[in-house]
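Got a structure here, written out as structure tokens. Questions coming.
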Amino acid sequence: MMDEIASHIMDIVANSLTARAKNISVVIEKCVDGPLLILDIKDDGVGMDNEMAMKVQDPFFSTKTGRKVGLGIPLLKGTAETTGGAFSLASEPGRGTQIRATFDAGHPDLPPLGNLKDTILVLAVGNPEVNFLFRYKNSVKEFILDTAEVKDLLGGVPINHPEVISFLSKYLDEHL
Ligand SMILES: Nc1ncnc2c1ncn2[C@@H]1O[C@H](COP(=O)(O)OP(=O)(O)OP(=O)(O)O)[C@@H](O)[C@H]1O
Ligand SMILES: [Mg+2]
């Protein structure tokens, strides 16, 4: 099992990148009035048809058909469902994919959040051509990083420039 929410985010976003998404949003929200943690990842990649969207949620799909399909999606679904939450996947060919997992934040088997800061930093500077919208919200704060906005402000300086990376790293340390 993947034992951190951050690893799940990495894996689901890796799928979006493979699907040639240009815009990816990642929302992690701890509800104020209840024990609900929501993870929502949306992309504008190649998408999947209905049949594929059903199959990729089935961890036994690959063994049944002999096709190589991975485990990133079934693992997240499993974690959500075993921690009293839910999982949904909506996708449309040519339009994109949205994955939403909820967790009971009070469940003893809920994995820790993990290193969200490094996950965001690696994704943002490791994929300079992709626009990421990261939003993290809990009962005390809301953090938003829109890399399209950052790139606008940088006016031509690449987002993976060493000085930009260290600025973003500090920014994440202070605000996330
Ligand atoms: N965002 C997405 N857009 C389009 N297709 C997707 C997306 N996410 C998943 N898929 C399809 O679903 C398949 C299964 O994804 P999943 O993450 O479960 O396994 P994988 O990426 O194939 O392997 P791994 O175990 O390395 O994650 C992918 O191979 C891809 O074909
Ligand atoms: Mg995957």
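The values are calculated or read from the model by the stated rules, or taken from the named source; none is laboratory data. Not measured: the values here are computed from a predicted model. Methodologically, a virtual Cβ is constructed for each residue, glycine included, from the backbone with ideal geometry; neighbour enumeration extends over all protein chains shown.
Restricting the first residue to segment 69-81 and requiring it to be within 15 Å of Ile38 (Cβ to Cβ), which pairs with a second residue that is part of a helix (DSSP H, G or I) and not basic (Lys, Arg) meet a Cβ separation below 8 Å and a spacing of at least six or different chains?
Close Cβ pairs (under 8 Å, with a partner that is part of a helix (DSSP H, G or I) and not basic (Lys, Arg)) amount to Leu76/His8; Leu76/Asp11; Leu76/Ile12; Thr79/His8.
Please indicate, with yes or no, whether at least one residue in segment 124-137 is over 15 Å from the mean Cα position of the chain (by Cα), within 26 Å of Gly34 (Cβ to Cβ) and in a helix (DSSP H, G or I).
There is no residue in segment 124-137 that is over 15 Å from the mean Cα position of the chain (by Cα), within 26 Å of Gly34 (Cβ to Cβ) and in a helix (DSSP H, G or I).
Follow-up question, since we're still on this one. Could you tell me how many of the residues in segment 145-176 are without any contact (Cβ under 8 Å) to a residue 40 or more places away in the chain, under 13 Å from Ala124 (Cβ atoms) and of a type in the set (Val, Ile, Thr)?
4
Another question, if that's okay. Mind checking whether some residue in segment 121-130 is β-branched (Val, Ile, Thr) and within 21 Å of Gln57 (Cβ to Cβ)? Working first, answer last.
Of all residues in segment 121-130, those β-branched (Val, Ile, Thr) come to 122, 125, 130.
In the following step, the residues that additionally are within 21 Å of Gln57 (Cβ to Cβ) were identified as none.
No: zero hits.
For residues in segment 34-49 being among the aliphatic types (A, V, I, L, M) and not in a loop (DSSP other than H, G, I, E, B), which is farthest from ligand 2 (Cβ to nearest atom)? Before you say what the answer is, go through the steps one by one.
Just the residues of segment 34-49 that are among the aliphatic types (A, V, I, L, M), to begin with: 36-39, 41, 46, 48.
From the residues that got through so far, the ones that are not in a loop (DSSP other than H, G, I, E, B) too are 36-39, 41.
Numbers: Leu36: 25, Leu37: 21, Ile38: 20, Leu39: 15, Ile41: 12 Å.
Here the residue is Leu36.
Further question on the same structure: Taking the condition of being within 9 Å of ligand 2 (Cβ to nearest atom) and crowded, with 17+ Cβ neighbours inside 10 Å, how many residues in segment 14-33 meet it?
Here is the first cut: in segment 14-33, the ones within 9 Å of ligand 2 (Cβ to nearest atom) are 14-15, 18.
Now drop any that are not crowded, with 17+ Cβ neighbours inside 10 Å, which leaves 15.
So the answer is 1.
Among Leu121, Leu116, Leu133, which is crowded, with 18+ Cβ neighbours inside 10 Å, over 15 Å from Asp11 (Cβ atoms), away from ligand 2 (no atom under 16 Å from the Cβ) and not polar (S, T, N, Q)? Even if it seems obvious, please write down each step before you answer.
On the way: Leu116 fails: over 15 Å from Asp11 (Cβ atoms); Leu133 fails: crowded, with 18+ Cβ neighbours inside 10 Å.
Matching residue, one of Leu121, Leu116, Leu133: Leu121.
Just name the residue that is surrounded by the fewest Cβ atoms within 10 Å (Cβ to Cβ) out of those in segment 34-51 that are within 21 Å of Glu92 (Cβ to Cβ) and away from ligand 1 (no atom under 12 Å from the Cβ). Give the steps one after another, and end with the answer.
Within segment 34-51, the first condition is being within 21 Å of Glu92 (Cβ to Cβ), and the residues that meet it are 39-51.
Pick out the ones that are also away from ligand 1 (no atom under 12 Å from the Cβ) and you get 39-40, 50.
Values: Leu39: 22, Asp40: 16, Asn50: 10.
For segment 34-51, the residue satisfying everything is Asn50.
Among the residues of segment 5-27, is any more than 14 Å from ligand 1 (Cβ to nearest atom), touching a residue at least 40 places away in the same chain (Cβ under 8 Å) and part of a strand (DSSP E or B)? Before you say what the answer is, go through the steps one by one.
First, the residues of segment 5-27 that are more than 14 Å from ligand 1 (Cβ to nearest atom): 5-6, 27.
Going one step further and asking which of them are touching a residue at least 40 places away in the same chain (Cβ under 8 Å), we end up with 5-6, 27.
Of the ones still in play, those that are also part of a strand (DSSP E or B) are 27.
So far as segment 5-27 goes, yes, one or more of its residues are more than 14 Å from ligand 1 (Cβ to nearest atom), touching a residue at least 40 places away in the same chain (Cβ under 8 Å) and part of a strand (DSSP E or B).
Of everything in segment 1-23, what is of a type in the set (A, V, I, L, M, F, W, C) and modelled with pLDDT of 95 or more? Give them in sequence order. Working first, answer last.
Restricting attention to segment 1-23, the residues satisfying the condition of being of a type in the set (A, V, I, L, M, F, W, C) are 1-2, 5-6, 9-10, 12-14, 17, 19, 21.
Result: Ile5, Ala6, Ile9, Met10, Ile12, Val13, Ala14, Leu17, Ala19, Ala21.
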